[in-house]
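Asker: Handing you this structure, nothing more for now.
The values are calculated or read from the model by the stated rules, or taken from the named source; none is laboratory data. As the structure is a computational prediction, the values presented were derived from the model and not from experiment. We place every Cβ from the backbone using ideal geometry, glycine too, and count neighbours over all the protein chains shown.
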């Protein structure tokens, strides 16, 4: 169902919250899952968007990520796993997000943004970058890394992986010459569809396609890890135990912690990560979502109020 442009009152600020004038907001596949009804029970009515670059009244430039609030008391929060909090709230899902001129956020869950990044360039770091980085960490010291789906997150994390000295293999849809060329331009030594030319030590699946899980398992060597990076994925088909045998593993990544954000945003200027961005006016949000839905995206899409 298309989003509707509407005039609403400026949001009120509660205790511990900060009012932000939105300067940019990234368009994420999770937004698409919400709009398309694949993530059920969002707050309604809802302002989507969870890669917010905003300016506070005191001039600070802050980033607002997907994780909007945690309880701080459950066993997950108490053990450093706030990304799994049983009562967590999420930006652009449980609370209004950044497809707007103004947004309110819990100040404890906002990140100061590194210098050297324009607003549009910084926005994709706040989800595509953060979730990609958490996914990359779960591949350990894998040298030969496969990225399945070369979109927003992959184009960011490819730069980190290469900076760390890894070898990069990009798996795209058949015939997607543009994505393959894009991956090569960022340093991938191979980009194509089907099986990579060498065994991989690990793979990260960014595309929301469950059929890629058996394919990635078939591509990784013994002891290899397949990381599913999306919040939503189509059903994984049945596969032979032989694909998993040899101490291969499959794991998901859920959300992020504030520690992830602090670590990644400190790392970004060291690499330095450079995001490829196409911007849209706020009124073009449906157009940007349609473009993302089609898969015809090179880099990141960002809305500007």
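Asker: In the list 281, 285, 268, 240, which residue meets the criterion of being surrounded by fewer than 19 Cβ atoms within 10 Å (Cβ to Cβ) and assigned by TED's automatic domain parsing to the domain that holds residue 100?
Answerer: Exactly one residue qualifies, and that residue is 281.
Asker: Given (1) under 26 Å from residue 153 (Cα atoms); (2) surrounded by fewer than 15 Cβ atoms within 10 Å (Cβ to Cβ), where does residue 93 come up short, assuming only one miss?
Answerer: (2)
Asker: Say whether the condition of being in contact with a helix residue (DSSP H, G or I) (Cβ under 8 Å, 6 or more places away or on another chain), free of Cβ contacts under 8 Å to residues at least 40 places away in the same chain and more than 17 Å from residue 273 (Cα to Cα) is met by at least one residue in the stretch 174-193.
Answerer: Looking through the stretch 174-193, at least one residue is in contact with a helix residue (DSSP H, G or I) (Cβ under 8 Å, 6 or more places away or on another chain), free of Cβ contacts under 8 Å to residues at least 40 places away in the same chain and more than 17 Å from residue 273 (Cα to Cα).
Asker: Right, something else. Is the stretch 247-256 home to any residue that is over 16 Å from the mean Cα position of the chain (by Cα), in a loop (DSSP other than H, G, I, E, B), without any contact (Cβ under 8 Å) to a residue 12 or more places away in the chain and farther than 21 Å from residue 64 by Cα?
Answerer: The answer is no, given that none of the residues of the stretch 247-256 is over 16 Å from the mean Cα position of the chain (by Cα), in a loop (DSSP other than H, G, I, E, B), without any contact (Cβ under 8 Å) to a residue 12 or more places away in the chain and farther than 21 Å from residue 64 by Cα.
Asker: I've got another one for you. Among (1) modelled with pLDDT of 95 or more; (2) surrounded by fewer than 16 Cβ atoms within 10 Å (Cβ to Cβ); (3) out of contact with any helix residue (DSSP H, G or I) (no Cβ under 6 Å at 6 or more places or on another chain); (4) farther than 14 Å from residue 305 by Cα, which single condition is residue 21 missing?
Answerer: Against the list (1) modelled with pLDDT of 95 or more; (2) surrounded by fewer than 16 Cβ atoms within 10 Å (Cβ to Cβ); (3) out of contact with any helix residue (DSSP H, G or I) (no Cβ under 6 Å at 6 or more places or on another chain); (4) farther than 14 Å from residue 305 by Cα, residue 21 comes up short only on (4).
Asker: Where in the stretch 132-195 are there strands (runs of 3 or more DSSP E), lying wholly inside it, with at least 3 residues that are in the same structural domain as residue 277 (by TED's automatic domain parsing), surrounded by 17 or more Cβ atoms within 10 Å (Cβ to Cβ) and touching a strand residue (DSSP E or B) at 6+ places or on another chain (Cβ under 8 Å)?
Answerer: none
Asker: Give the number of residues within the stretch 46-60 that are out of contact with any helix residue (DSSP H, G or I) (no Cβ under 8 Å at 6 or more places or on another chain) and in contact (Cβ under 8 Å) with a residue 24 or more places away in the chain.
Answerer: 6
Asker: Surrounded by 14 or more Cβ atoms within 10 Å (Cβ to Cβ) and either in contact with a strand residue (DSSP E or B) (Cβ under 6 Å, 6 or more places away or on another chain) or in a strand (DSSP E or B) (or both): is that true of residue 203 in this structure?
Answerer: yes
Asker: Which one of 51, 78 is surrounded by 21 or more Cβ atoms within 10 Å (Cβ to Cβ), assigned by TED's automatic domain parsing to the domain that holds residue 287 and at negative phi?
Answerer: 51
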